[in-house]
Amino acid sequence: MSTANHDETAAERVALVVGGGFNDDALGDEYYRVIEAIRAAPADHLHEFLRMFVTQPASAAMLTELTLARFLEIVQPLLPNDVRAAATALDRRMGSLSQHLESLGESTSEAVNNARDRAGRQIDFRRGTISEMLAP
């Protein structure tokens, strides 16, 4: 997505936020336009987030690579109860994925073991960030 496009959809803005590198140094004025658009319609953006990552469960790659908590941090002050519900659903999904990765056991391939271990560490880290939103 080009940062020159100011007519992004809610889904595109959510994808930009969770894709990594969402900061003012990287995006300049576009960062502030995206934040402003999300804050102007937080429920619409949260609906898209839920559709993209909860209603249609996110893949393991999405859960380990995307910065899902970053989007929730932006919306949390505006919709705290809805964000808590979204964080709870993501936490459950990440917990299931973590259990699945642990159940795979050791492989004869070192590369497979390293990839599984890396994914497990990423899930644990991202799950910890999401879990912070669940604290009272």
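The values are calculated or read from the model by the stated rules, or taken from the named source; none is laboratory data. Everything numeric here is computed off the predicted structure, so don't read it as measured data. A quick note on method: Cβ atoms are made from the backbone with ideal geometry, for glycine too, and the neighbour counts reach across all protein chains shown.
Structural remarks
- Looking only at the stretch 83-92, residues that are surrounded by 20 or more Cβ atoms within 10 Å (Cβ to Cβ), within 28 Å of D117 (Cα to Cα) and more than 9 Å from the chain's Cα centre (by Cα) come to 2 in all.
- Filtered by the rule that a residue be in contact (Cβ under 8 Å) with a residue 12 or more places away in the chain, assigned to a loop (DSSP other than H, G, I, E, B) and over 12 Å from the mean Cα position of the chain (by Cα), the stretch 58-82 gives Q76, L78, L79.
- Residues located in the stretch 105-132, provided they are farther than 14 Å from T67 by Cα and either among the hydroxyl-bearing types (S, T, Y) or not in a helix (DSSP H, G or I) (or both): G105, E106, S107, T108, S109
- Which listed residue is in contact with a Lys or Arg (Cβ under 8 Å, 6 or more places away or on another chain) and surrounded by 21 or more Cβ atoms within 10 Å (Cβ to Cβ), from L72, L63, L78: L63
- Only listed residue being of a type outside the set (D, E, K, R), surrounded by fewer than 15 Cβ atoms within 10 Å (Cβ to Cβ) and under 20 Å from E132 (Cα atoms), chosen from G28, G20: G20
- Hits in the stretch 17-32 (condition: at pLDDT 95 or above and touching an Asp or Glu at 6+ places or on another chain (Cβ under 9 Å)): Y31, Y32
- Evaluation of E8 against (1) exposed (fewer than 14 other Cβ atoms within 10 Å of the Cβ); (2) among the charged types (D, E, K, R); (3) at pLDDT below 90 (one fails), failing number: (1)
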